[in-house]
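Encoded as structure tokens, the structure appears first; notes follow it.
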Amino acid sequence: MSSHQAAIPSVPRSVKDPLRSHRANVDGTLNVLVASRDAGAKRLVFAGSSSVYGDAAVLPKREDMRPAPLSPYALQKLIGEQYCQMFTRLYGLETVTTRYFNVYGPRQQPGSPYSGVISLFIEALAGGKGPAVHGDGRQTRDFTFVGDVVTGVLRCCEAPNVAGEVINVAAGGRISLLELIRTLQ
């Protein structure tokens, strides 16, 4: 069993430097797939991203929705999914893609310009500042605790009959940024 959870996971960074992001996210994924195949691994679980859905208004997002990537990062993750499915068909390597939604948890670094919004909001509130909100704050997200993501990945490592599948790993709920700020306060 192999697991590929590495990436440069940043839409802004992929827009700023698409070549570097591509090398890590696409070439890196292909390298892991080839190494897994050559090592005789039975299964590879690949970290995909909900960003492949783009701005689709339909909620909740479902795996059968047509991808509509809006950034190099989202396209790179979609290419990784397609490489995984191709390796399942061509080489018999069981691949499972897990699409993550707004993962949060301990040890996120709010100092990073690419950090998740929860750690940024906590840092702002702890410093007595108002969190920076883009738009009206009513936009919603499915915030997913990192421990739930780990549980989802581990289940995908052992689940029967999932070779070549894409599986959303999410909390299954929606919270607006304004609700998030109220909760954090």
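Looking only at residues in region 101-113 that are in contact (Cβ under 8 Å) with a residue 12 or more places away in the chain and in contact with a helix residue (DSSP H, G or I) (Cβ under 6 Å, 6 or more places away or on another chain), the one that is most open to solvent (accessible area, probe 1.4 Å) is 104. Please indicate, with yes or no, whether at least one residue in region 21-39 is open to solvent by less than 20 Å² (accessible area, probe 1.4 Å) and not in a helix (DSSP H, G or I). No, region 21-39 contains no residue that is open to solvent by less than 20 Å² (accessible area, probe 1.4 Å) and not in a helix (DSSP H, G or I).
Filtering 69, 60 for residues that are assigned to a loop (DSSP other than H, G, I, E, B), surrounded by 16 or more Cβ atoms within 10 Å (Cβ to Cβ) and within 16 Å of the chain's Cα centre (by Cα) leaves a single hit, 69. For residue 24, the criteria (1) within 15 Å of residue 81 (Cα to Cα); (2) touching a His at 6+ places or on another chain (Cβ under 9 Å) hold in every case but one, which is (2). What do you reckon, is residue 32 within 19 Å of residue 144 (Cβ to Cβ) and among the aliphatic types (A, V, I, L, M)? Criteria not met by residue 32. Being surrounded by 17 or more Cβ atoms within 10 Å (Cβ to Cβ) and modelled with pLDDT of 95 or more holds for only one residue in 159, 74, and it is 74.
The values are calculated or read from the model by the stated rules, or taken from the named source; none is laboratory data. The model shown is predicted, which means the values in this text are computed figures rather than measured ones. No Cβ is skipped: glycine too gets one built from the backbone with ideal geometry, and neighbour counts run over all protein chains shown. SASA here: full protein model, heavy atoms, side chains in, ligands and nucleic acids out. Shrake-Rupley method; radii C 1.70, N 1.55, O 1.52, S 1.80 Å.
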